[in-house]
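The values are calculated or read from the model by the stated rules, or taken from the named source; none is laboratory data. None of the values given here were measured: they were computed from a predicted structure. Positions of Cβ are backbone-derived with ideal geometry, glycine not excepted, and every protein chain shown enters the neighbour counts.
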Amino acid sequence: MQPPSQATPDDPDWTLRDSAALYGLDDWGGGYFGVSERGTVVAYPHGTPDVTIDLHEVIQGLEARDLYPPVVLRFDDILAHRMGHLRRAFDHAIAEAEYGGKYTCVYPIKVNQQRHICEEIRDVGRTLGFGIEAGSKPELLAGLALTEGHNDMLFVCNGFKDQEFIETVILAAKMGRNILPVVEQTHELDMIARSAARHDVTPRFGVRVKLASGGVGRWAGSAGFRGKFGLSVSQILAAVDQLRAEELLDGLRMLHCHIGSQIYDIRTLKYAVSELAHVYVELVKLGAPMGVLDLGGGLGVDYDGSQSARDSSINYTLEEYAADVVYRVKAICDDAGVAHPDIVTESGRALVSHSGVLVFQVLGSRTFPEVPDEALVQRALAQQDEAETPQPLLDLVDAWERLENGADPAEVYHDADHALSEAVSLFNLGYMDIVSRAATEEIYWAVGARLLKELGDEVPEDFADLPDRLGDIFFSNFSLFQSLIDAWGIDQIFPIMPIHRLQERPTRRGVLADITCDSDGRVDRFTVAGEPDTTLPLHALREGENGGPAGEFEPYYVAVFLTGAYQETLGDLHNLFGDTHAVHVVANDDGGWSLDEVVEGDTVREVLRYVQFSPDDMRRALRKEIEAAVASKHLTLREAVRMRRFLDDGLDGYTYLE
Ligand SMILES: Cc1ncc(COP(=O)(O)O)c(C=O)c1O
């Protein structure tokens, strides 16, 4: 929905629609997010604006419940809506093409293993004919528990397997589960044969093929001849011979491939599906019963909203993906006179990304002054006769005066930049004192900040590094390594924007720095007005008046969207920042919202235990030390009580700043 276009009271030239366009909300939001008349971000949990949940209201409501950001907001209704969307896209494609098989999506647990999410997917998935996929022993057990009582749900098991893994799957199948192990390595066939003989069953299994058609982008290595998983076509041929000889060919029911996650170019998919379907028909011709064609994951998400073949985007829709898959498989099977197989995809990212939103508070910012500190400059000049004043300082003072008198900021900036580098050289050689050095920096920053302001969003090539050098730094209460690992590990771009104050024009630009003690802990890749950018427009923090006491800032909340896939469990404990709180937010019939589930984040005690500290031993030892400090009069009793309270509250508190 388009936000209201009227100008806002705070800035007659700025509208809510301008904010939505600046942050690209309609481009990446998938119809699940919009802007309210109050200038806040709202979620549309059912994909239409008739039901809304105000994210800013939710954060205030959480704080009233003593739950402070950082927090992950999970919208189960968005998740269910995405699942329905995928179902409808394939149903439509199947009907259009008069395709003979059916479609199933099996949710890969690894994409987000949190129990509440898996259970939601299981519950909604049951009604949509979806299943589950696991890739490790813990995921196998989680999947068995999830599908307990739902024997008909398809359960696909990928990944490296040992005899115990295979045995569990064979026995689960014997118990009546619809479970299919996928052979990834040739020796797994022997393990299947052994287990089947031991338990006297005819096993059903699939095989993963290494396609020649590679994937694209970061996960291109998932496919191709040197891919880590799967059997080459020649190994599959040999496997068929072996299975026939052992009278087990009847068990080969599925052909599987996975050409990588976030397939951003539909052409890659077309090639892969064609190759996969051709291998499928050949296997049928060789006498394998088959029946299921599993395309793996890869269905992408448009993180930057550009609808293009960039690695943070996709150049196709869900409908196009479904139609391409169905059409290609049908055409190849029809040509070969082979019955249409059931189609399975292991779509994870595309199902859960939209339902997760990370919200954190900006704690403060480092901004470069637009006017130099006059007192500092005067102090530097007063220190010495003009003849002895370092030339770079004089040049910078002159540059500033010219700027004040209307000279071209770009020209002045070139001079200031040159003077600053000379000043640094002089200082390093011992020919400039610290006060003069500080004054030169102050003037340089002010000239640069003035130029940046003048340039606005149109930064020419010549000054491309200026936003990086002089943009603001917004210190934010979260850990990149815990909550946004792909922004660090693989330079993934996520949509990021404030969730309130959207009626105001954002007047600052900067990067987001997290609270870990790691200089890598910052986000400096964004999409602004549809283009990649190294800084994000944000609002100036408001001091005092409406917020906390003077010197503290009015709370300013920023959200990272589309974080539902991979971010929650791939993250780590860098600096011992633990899991954040996660809450499941649902819309009420009365127009409000409520919390369906609250999953509290890690306490300090819990993260210390992860790294084998014993919080109780620590507490005992530190209390002893405090007592000793009282005895030796290093601490007063009152100070000792404070220290003990800090210890106790600290151990049971949140790992983030409170
Ligand atoms: C075998 C397999 N299936 C499914 C997926 C999920 O992929 P996506 O999240 O791109 O749908 C993956 C992830 O890489 C995978 O390795």
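Quick grid of which residues meet (1) buried (at least 24 other Cβ atoms within 10 Å of the Cβ); (2) aliphatic (A, V, I, L, M); (3) without any contact (Cβ under 8 Å) to a residue 12 or more places away in the chain:
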| residue | (1), (2), (3) |
| --- | --- |
| Tyr321 | yes, no, no |
| Arg328 | no, no, no |
| Cys333 | no, no, no |
| Ala336 | no, yes, no |
| His340 | no, no, no |
| Val344 | yes, yes, no |
| Leu351 | yes, yes, no |
| Gly356 | yes, no, no |
- Counted residues, region 412-468 - those being at pLDDT 90 or above and under 23 Å from Gly530 (Cβ atoms): 0
- Message: Can you tell me how many residues within region 102-116 are of a type in the set (Lys, Arg) and in contact (Cβ under 8 Å) with a residue 60 or more places away in the chain?
- Response: 2
- region 170-197, residues that are buried (at least 18 other Cβ atoms within 10 Å of the Cβ) and either within 18 Å of Gly149 (Cβ to Cβ) or among the basic types (Lys, Arg) (or both): Ala172, Ala173, Arg177, Ile179
- Item | Close pairs (8 angstrom Cβ cut-off, 6 or more residues apart or separate chains): more than 16 Å from Val279 (Cβ to Cβ) in region 239-250, of a type in the set (Gly, Ala, Ser) and not in a helix (DSSP H, G or I) anywhere | Arg244/Gly287
- Return only the number of the condition from (1) buried (at least 24 other Cβ atoms within 10 Å of the Cβ); (2) assigned to a helix (DSSP H, G or I) that Lys270 does not satisfy. (1)
- Item | Leading residue by the ranking (surrounded by the fewest Cβ atoms within 10 Å (Cβ to Cβ)) among those in region 373-392 that are more than 13 Å from Arg437 (Cβ to Cβ), in contact (Cβ under 8 Å) with a residue 12 or more places away in the chain and more than 48 Å from the chain's Cα centre (by Cα) | Gln391
- Subset of region 342-358, residues within 8 Å of the ligand (Cβ to nearest atom) and of a type in the set (S, T, N, Q), comes to Thr345, Ser347
- Message: Take Glu401 and tell me if it is without any contact (Cβ under 8 Å) to a residue 40 or more places away in the chain and either buried (at least 20 other Cβ atoms within 10 Å of the Cβ) or charged (D, E, K, R) (or both).
- Response: yes
- Task: State all residues of region 141-159 that are within 16 Å of the ligand (Cβ to nearest atom) and either under 27 Å from the mean Cα position of the chain (by Cα) or of a type in the set (Asp, Glu) (or both); if no residue qualifies, say none.
- Result: Ala142, Gly143, Phe155, Val156, Cys157, Asn158, Gly159
- Message: For region 552-605, give me each residue that is without any contact (Cβ under 8 Å) to a residue 60 or more places away in the chain, surrounded by fewer than 16 Cβ atoms within 10 Å (Cβ to Cβ) and farther than 21 Å from Ile78 by Cβ.
- Response: Glu552, Glu554
- Among all residue pairs at least 6 apart or on different chains, which show Cβ distances below 6 Å where the first residue, located in region 280-297, is under 15 Å from Lys270 (Cα atoms) and at pLDDT 95 or above and the second is among the polar types (S, T, N, Q) and more than 16 Å from the ligand (Cβ to nearest atom)? none
- Message: Quick test of your reading of the structure: Gly129 fulfils all but one of (1) away from the ligand (no atom under 13 Å from the Cβ); (2) buried (at least 18 other Cβ atoms within 10 Å of the Cβ). Name the failing condition by number.
- Response: (2)
- Unique match (being surrounded by 18 or more Cβ atoms within 10 Å (Cβ to Cβ), more than 26 Å from Gly348 (Cα to Cα) and touching a Pro at 6+ places or on another chain (Cβ under 8 Å)) among Ile78, Ile59: Ile59
- Tally of residues being more than 12 Å from the ligand (Cβ to nearest atom) and modelled with pLDDT of 85 or more across region 208-231: 5
- How many residues are within 30 Å of Leu286 (Cβ to Cβ) and either part of a loop (DSSP other than H, G, I, E, B) or among the hydrophobic types (A, V, I, L, M, F, W, C) (or both) when one looks only at region 310-367? 18
- Query: So Thr636 clears everything in (1) modelled with pLDDT of 95 or more; (2) surrounded by 15 or more Cβ atoms within 10 Å (Cβ to Cβ) except one condition, right? Which one?
  - Reply: (2)
- Note on the structure: Ile166 passes all but one of the listed conditions (1) buried (at least 22 other Cβ atoms within 10 Å of the Cβ); (2) within 16 Å of the ligand (Cβ to nearest atom); (3) of a type in the set (A, V, I, L, M, F, W, C); the exception is number (2)
- Query: Looking at this structure, is Leu237 away from the ligand (no atom under 13 Å from the Cβ), surrounded by fewer than 17 Cβ atoms within 10 Å (Cβ to Cβ) and either of a type in the set (D, E, K, R) or modelled with pLDDT of 95 or more (or both)?
  - Reply: yes
- Query: Given the conditions (1) within 15 Å of the ligand (Cβ to nearest atom); (2) under 19 Å from the mean Cα position of the chain (by Cα); (3) outside any helix (DSSP H, G or I), and given that Leu73 satisfies all but one, which numbered condition is not satisfied?
  - Reply: (1)
- Tally, over region 106-128, of residues that are outside any helix (DSSP H, G or I), in contact with a strand residue (DSSP E or B) (Cβ under 8 Å, 6 or more places away or on another chain) and more than 16 Å from Ile179 (Cβ to Cβ): 2
- So, first residue under 14 Å from Asp77 (Cα atoms) in region 44-58, second residue surrounded by fewer than 19 Cβ atoms within 10 Å (Cβ to Cβ) and acidic (Asp, Glu), Cβ within less than 9 Å, six or more apart or across chains; the pairs are Tyr44/Asp50
- Message: Please go through region 322-376 and give me each residue that is modelled with pLDDT of 95 or more and of a type in the set (Val, Ile, Thr), ordered by number.
- Response: Val325, Val326, Val329, Ile332, Val338, Ile343, Val344, Thr345, Val352, Val357, Val359, Val362
- Item | Residue selected from region 320-361 under the condition farther than 30 Å from Tyr556 by Cβ and among the hydroxyl-bearing types (Ser, Thr, Tyr), by the criterion farthest from the chain's Cα centre (by Cα) | Tyr327
- Any residue in region 620-637 that is touching a strand residue (DSSP E or B) at 6+ places or on another chain (Cβ under 9 Å) and not hydroxyl-bearing (Ser, Thr, Tyr)? no
- Message: I'd like the full set of residues that are within 16 Å of the ligand (Cβ to nearest atom), of a type outside the set (A, V, I, L, M) and more than 15 Å from Arg204 (Cα to Cα), limited to region 281-309.
- Response: Gly296, Gly297, Gly298, Gly300, Asp302, Tyr303
